[in-house]
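Here the structure is laid out as structure tokens; the discussion comes afterwards.
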Amino acid sequence: MDEIKNKIKTMINTNNVVLFMKGTPDSPQCGFSMAVTNILKHLQVKFEGVNVLESNEMRQGIKDYTDWPTIPQLYVKGEFIGGCDIVKEMFEKGELKKLLENKSLLS
């Protein structure tokens with residue numbers, strides 16, 4: 001399990017924006033993953049999509065890592081932002097854009 005934890009930690013620390021999701025950014029496999037992907041694309045932020053469906057270890061590992069039961073999970077500069085509902089709400093209030101601008105991730 002430590003191996004998966006280290007893998008997750010490395011992905012989070014080496015990418016500015018990481019979305020642990022079902023499917024890929026080009027082909028999301030669930031509505032929630034698609035919603036978050038669409039928001040990130042709308043904001044034109046570059047992000048790394050990690051398909052948790054490719055491995056059960058990764059799927060369980062990310063839930064254990066954050067102690068958060070659902071997928072997708074969004075990380076910005078190493079910080080856990082939340083799942084679909086939180087990301088949607090932050091987007092609607094303009095908070096997500098502000099957060100990304102503050103972290104110098106939007107042009």
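Side notes on the structure shown:
- Considering the range 22-101, the qualifying helices (runs of 4 or more DSSP H), each wholly inside and each with 3 or more residues that are closer than 21 Å to ILE4 by Cβ, run over 56-66.
- Boolean, LYS63 is touching a residue at least 40 places away in the same chain (Cβ under 8 Å), charged (D, E, K, R) and within 21 Å of LYS9 (Cβ to Cβ): no
- Only one of the numbered conditions (1) in contact with a Lys or Arg (Cβ under 8 Å, 6 or more places away or on another chain); (2) at negative phi; (3) surrounded by 13 or more Cβ atoms within 10 Å (Cβ to Cβ) is not met by LYS77, and that is (2).
Conditions tested, residue by residue: (1) among the acidic types (Asp, Glu); (2) at pLDDT 95 or above; (3) farther than 13 Å from ASN16 by Cβ.
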residue	(1), (2), (3)
ILE39	no, yes, yes
LEU53	no, yes, yes
GLN73	no, yes, yes
LYS77	no, yes, no
PHE80	no, yes, yes
MET90	no, yes, yes
LEU105	no, no, no
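- Pairs meeting the criteria (first residue in the range 1-16 and modelled with pLDDT of 95 or more, second residue basic (Lys, Arg), beta carbons under 7 Å, at least 6 apart or on different chains) are ASN16/LYS77.
- All positions within the range 51-107 that are under 21 Å from ASP26 (Cβ atoms) and basic (Lys, Arg): ARG59, LYS88
- Criterion violated by ILE71 - all others in (1) free of Cβ contacts under 8 Å to residues at least 60 places away in the same chain; (2) out of contact with any Lys or Arg (no Cβ under 8 Å at 6 or more places or on another chain) satisfied: (2)
Matching residues to (1) aromatic (Phe, Trp, Tyr); (2) touching a His at 6+ places or on another chain (Cβ under 8 Å); (3) buried (at least 20 other Cβ atoms within 10 Å of the Cβ); (4) on the phi > 0 side of the Ramachandran plot:
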residue	(1), (2), (3), (4)
LYS9	no, no, no, no
ILE12	no, no, yes, no
ASN16	no, no, no, no
PHE32	yes, no, no, no
ASN38	no, no, no, no
HIS42	no, no, no, no
GLY49	no, no, yes, no
GLU54	no, no, no, no
TRP68	yes, no, no, no
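The values are calculated or read from the model by the stated rules, or taken from the named source; none is laboratory data. Everything numeric here is computed off the predicted structure, so don't read it as measured data. Neighbour counts run over all protein chains shown; Cβ positions are idealised from the backbone, glycine included.
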